[in-house]
Amino acid sequence: MHRRDFVSKTFLASATLIGGTTIVFGKFMPKNYTPLLLQDPDPFTLFKKNKDMLVLNDKPWNIESRAHLLNDKITPNSSMFVRNNGLLPEQIDEDNWMLTIDGEAVENETTFTLSELKSKFKQYTYQLTLECGGNGRKEFNPPAKGNQWGVGAVHCAKWTGVRLADVLKVVGVTSEAVYIGYHAADIHLSRTPNKEPISRGCPIEKAMQNETLLAFEMNGAPIPVAHGFPLRLVVGGWPASVSGKWINRISIRNKVHDGEKMNGQAYRVPCKPVSPGEKVADEDMCIIESMPVKSLITYPKTGAMLKLGQTLRFNGHAWAGDLEVEKVEFSIDFGATWQLCELEAPVNKHAWQHFSGTTNFPTEGYYELWARATDSQGKSQPMVLPGWNPKGYLNNACHRIALKVS
Ligand SMILES: Nc1nc2c(c(=O)[nH]1)N[C@H]1C(S)=C(S)[C@@H](COP(=O)(O)O)O[C@H]1N2
Ligand SMILES: [Mo]
């Protein structure tokens with residue numbers, strides 16, 4: 001099985017460790033033997049994920065996080081959702097990893113080794129919010145095909161790498177440059193050679209932003225395999241599909257990149273609002289760029305039981321794509337009245353912001369806590385569902401949790 005191959009090649013080629021534990025008699029292990037623990041690993045063990053996460057699909061792996069698992073200010077690997085369009089790369093050789101910069105609008109096509117990237121350019125660390133364009137898809141009606149994400153396809157980890165802009169300046173970008181497109185080492189589900197699972201990108205202006213990184217570390221350690229080891233493009237605030245994992249080539253294009261999942265209906269929404277269920281022609285669909293304002297209550301967990309008279313202190317995160325979040329409000333009366341939360345500034349551009357608040361409950365019974373964020377242009381989250389679209393993207397409805405006071 002391919003997954004097994006991947007596991008044995010990646011984890012066992014040189015190491016005598018399983019998940020950080022030494023295989024004591026590893027040197028006596030037969031050459032092509034796969035330890036029992038790794039023969040059919042569950043995804044939680046394989047990817048070191050919290051067991052409360054939800055596996056939506058195993059081929060490709062799609063694993064969703066949950067609001068209460070995202071309470072940390074910096075999301076740890078154990079709580080990060082995984083979204084793969086294809087199969088994981090089968091062989092990852094960090095020492096010989098290359099990144100080629102090519103395309104119609106490159107001055108000098110250049111190939112860098114990973115160690116050249118690390119040594120030739122200044123390194124930066126940013127916390128960057130990555131949300132899948134389809135986060136919240138499961139609420140749309142009529143339903144949209146695709147992974148039925150609830151609220152957990154978002155994370156904000158700390159990425160370290162070099163600025164894509166610094167690399168592009170060295171290779172040279174002609175005045176024709178419009179877009180960049182990434183290419184990666186993952187494998188198409190059909191296993192057709194040269195067919196890519198996904199190859200997306202962004203306009204050259206976004207690529208040139210200070211925070212757009214070619215990252216090789218996440219949260220101070222090598223990037224976990226599922227999240228793009230050994231090299232990932234990280235583009236905060238835009239659909240996470242722009243942040244290519246396992247990248248080995250970036251093309252500087254003289255037109256909008258036309259790689260896999262850039263065309264047709266993928267990662268696009270109707271340019272003008274449509275009625276639910278309506279068919280929309282490809283030419284009337286527009287590429288999703290900056291993600292809309294959104295918030296998530298990460299504490300307490302929905303279903304929390306409170307004592308009457310107890311003051312609840314709650315908290316969460318809010319983000320707004322390329323913009324900042326200006327305010328977060330909460331309601332315990334189904335939106336009849338709203339109060340302001342405390343809101344922290346982002347640690348850097350495109351990092352989510354933390355909100356918190358306290359509230360008391362007048363009597364025993366069932367309550368809901370709702371949160372609503374507003375961006376720096378005055379746009380707020382919709383209460384329930386935003387505009388229906390054929391592929392179920394951009395659901396930024398208010399997050400709500402259930403509470404019982406007794
Ligand atoms: N090479 C490659 N990059 C990829 C993908 C992929 O399938 N292959 N999936 C994209 C999508 S759709 C999302 S939402 C994010 C998910 O990132 P994560 O798995 O680190 O959470 O990665 C993006 N980058
Ligand atoms: Mo995605």
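Taking a label point 7 Å from the Cα of residue 104 along the Cα→Cβ vector, which residues of region 151-181 have an amide N closer than 14 Å to it?
Backbone N within reach: 174-181.
Counting Lys and Arg as +1 and Asp and Glu as -1, what is the net charge of the other residues whose Cβ lies under 15 Å from the Cβ of residue 309? Provide the component values of the computation, followed by the final result.
Details: positive: 307, 313, 404; negative: 364.
Charge balance near residue 309 sits at +2.
Answer rounded, prolate or oblate for region 315-400, using the Cα gyration tensor with square roots of eigenvalues a ≥ b ≥ c: rounded when a/c is under 1.5, else prolate when a/b is larger than b/c, else oblate. List each step's numbers first, then the result.
Details: a/c = 2.37, a/b = 1.26, b/c = 1.88.
Verdict is oblate for region 315-400.
Within the set of other residues whose C-beta is less than 14 Å from the C-beta of residue 197, count the net charge using Lys and Arg as +1 and Asp and Glu as -1.
Summing Lys and Arg as +1 and Asp and Glu as -1 gives +3.
Rg/Rh for region 58-195 to two decimals, with Rh computed the Kirkwood way over all alpha-carbon pairs. Walk me through the intermediate numbers first.
Working: Rg = 18.2 Å, Rh = 17.9 Å.
Rounded to two decimals, Rg over Rh is 1.01.
Which peptide among 145-158, 217-230 comes first, and what is the full order, when sorted by highest mean count of other Cβ atoms within 10 Å?
Working: 145-158: 21.6, 217-230: 18.9.
Ranked by mean Cβ neighbours within 10 Å, highest first: 145-158, 217-230.
Over 30 Å, how big is the tail of the calculated P(r) for the chain, in percent of all Cα pairs?
More than 30 Å apart: 44 percent of the Cα pairs in the chain.
Could you derive backbone 3J(HN,Hα) for region 235-247 from the dihedral phi with the Karplus parameters 6.51, -1.76 and 1.60 (θ = phi - 60°), listing whole Hz in sequence and x where the residue is Gly or Pro?
10, x, x, 9, x, 4, 5, 6, 8, x, 8, 6, 7
Classify region 94-287: rounded, prolate or oblate, from the alpha-carbon gyration tensor (a ≥ b ≥ c, eigenvalue square roots; a/c under 1.5 rounded; otherwise prolate if a/b is larger than b/c)?
Working: a/c = 1.85, a/b = 1.46, b/c = 1.27.
Cα axes put region 94-287 in the prolate bin.
For region 356-406 and region 259-338, what is the separation of their C-alpha centers, rounded to whole Å?
9
Go through region 207-219 residue by residue and turn each phi into a ³J(HN,Hα) via Karplus (6.51, -1.76, 1.60, θ = phi - 60°); whole Hz please, and just put x for glycine and proline.
4, 7, 4, 3, 7, 7, 10, 9, 9, 10, 10, 10, 6
In 5 Å bins starting at 0, how do the alpha-carbon pair distances of region 177-283 split up by percent?
2, 11, 19, 21, 18, 13, 9, 5, 1, 0
What is the set of long-range amide H partners of residue 285 at a cut-off below 5 Å, with H atoms built 1.01 Å from backbone N?
Correct list: 271.
Taking every DSSP beta bridge with both residues inside the chain, roughly what % is antiparallel (nearest 5)?
Percent antiparallel among DSSP bridges in the chain is about 90.
With θ set to phi - 60°, apply the Karplus curve 6.51 cos²θ - 1.76 cosθ + 1.60 along region 119-128 and write out the HN-Hα couplings as whole Hz, x wherever there is a Gly or Pro.
Once rounded to whole Hz, the list reads 9, 8, 10, 5, 9, 10, 10, 9, 8, 10.
At 1.002 mPa s and 20 °C, plugging the Kirkwood radius over alpha-carbon pairs of region 313-364 into Stokes-Einstein gives what diffusion coefficient in µm²/s? Mind showing how you got there, number by number?
Numbers: Rh = 12.1 Å.
Rounded to a whole number, D works out at 177 µm²/s.
Give the list, by residue number, of cysteines in the chain with no other Cys Cβ closer than 4.7 Å, or say none.
132, 156, 202, 341, 398
For residue 263, put the label point 7 Å out on the Cα→Cβ axis and report which residues of region 183-216 keep their amide N under 16 Å from it.
195-201
Do you know the relative contact order of the chain, to the nearest whole percent, from alpha carbon pairs under 8 angstrom that are 6+ apart? Provide the component values of the computation, followed by the final result.
On the way: 969 pairs, mean separation 64.4, N = 406.
It comes to 16 percent, rounded to a whole number.
Can you tell me which of 54-67, 84-97 comes out highest on packing, and rank the rest after it, using the mean Cβ neighbours within 10 Å? All intermediate terms of the calculation are to be shown ahead of the outcome.
Working: 54-67: 18.4, 84-97: 16.4.
Per-residue Cβ counts within 10 Å, averaged per peptide and sorted highest first, yield 54-67, 84-97.
Read the figures in this text as sums done on the coordinates, not as results from a lab. Keep in mind the model is a prediction, meaning the values are calculated, not measured. Positions of Cβ are backbone-derived with ideal geometry, glycine not excepted, and every protein chain shown enters the neighbour counts.
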